[in-house]
Amino acid sequence: MAQGFRIAIKRMSGKARLVVAAHKAECRAGLLLGVLGFLLLLAPRPVALALTPTPTPSGVKITTPRPGQAVQGQVRVLGFTDVAGFRKSALFFGYAEDPTHTWFLIEEKRIPAHGGLVGRWDTTLITDGNYVLRLTVEDRLGHRYETTVPVRVRNYTPVETPTPGGATPEVNGVQQPTLMPASTLTPTPLWPTPPPVPPNPIVLSPDTLTRAAAYGVAAVIMLLVLFGSLRRWR
């Protein structure tokens, strides 16, 4: 019986050890979760930032040509590109009524401009129409700024007045004379004048005509007499 008692005591001690081990594991897990929660409370919370486009600074603009101006031939595009941390600038053109907004590169520059030349545009390589010039500037931080100006290319078509009764139209900044409609002229046929008839060098007077008639009658009579004489001799 004493042996059974010892076996029971061993079993109870083994269960007690298991309970203590499980309690220790629970205490460790709870301590770990408490530390993690405390660290989460100390961590900085994320701040929501509004993503807004970078505004174009006042230093980026096209001064020539002006909006709506008519241009021809080689166009000198002037403007400002001197932003802080300037890296490069690029000048493009596109069709004003293009729904795809496709841009064609004109020229790139690595030197900032302060009211100077930002590019040369050869408009003789394109058809007349309405276009848009686009100037972009990129700084060393990767920020990009841009500005646009609408223009009219008029190499082969008349330059229309921008507003009814307004100022004289300009081409590349130079005032042009206003085109007036040509008056319709009705052609009048001109018949050639005939040359004068030269005078007749042979002039016959009435006396000359009378003498000629008498000579003719006498000749006829002589021929008749001669003809009658010849018939008698036969």
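Within the range 81-95, which residues are in contact with a Pro (Cβ under 6 Å, 6 or more places away or on another chain) and either acidic (Asp, Glu) or closer than 15 Å to residue 127 by Cβ (or both)?
Our first condition is that a residue be in contact with a Pro (Cβ under 6 Å, 6 or more places away or on another chain); within the range 81-95, this holds for 81-83, 86.
Once the filter is applied, which keeps residues that are in contact with a Pro (Cβ under 6 Å, 6 or more places away or on another chain) and either acidic (Asp, Glu) or closer than 15 Å to residue 127 by Cβ (or both), the range 81-95 yields only 82.
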It is to be established whether one or more residues within the range 144-156 are loosely packed, with under 12 Cβ neighbours inside 10 Å, aromatic (Phe, Trp, Tyr) and modelled with pLDDT under 80.
no
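Out of 118, 149, 153, I need the residue that is closer than 19 Å to residue 73 by Cβ, within 10 Å of the chain's Cα centre (by Cα) and aliphatic (A, V, I, L, M). Which one? Even if it seems obvious, please write down each step before you answer.
Numbers: 118 fails: within 10 Å of the chain's Cα centre (by Cα); 149 fails: within 10 Å of the chain's Cα centre (by Cα).
Checking each option against the conditions leaves just 153.
The values are calculated or read from the model by the stated rules, or taken from the named source; none is laboratory data. Because the structure is a prediction, the values reported are computed rather than measured. Quick reminder, even Gly has a Cβ in these numbers, built from the backbone with ideal geometry, and neighbours come from all protein chains shown.
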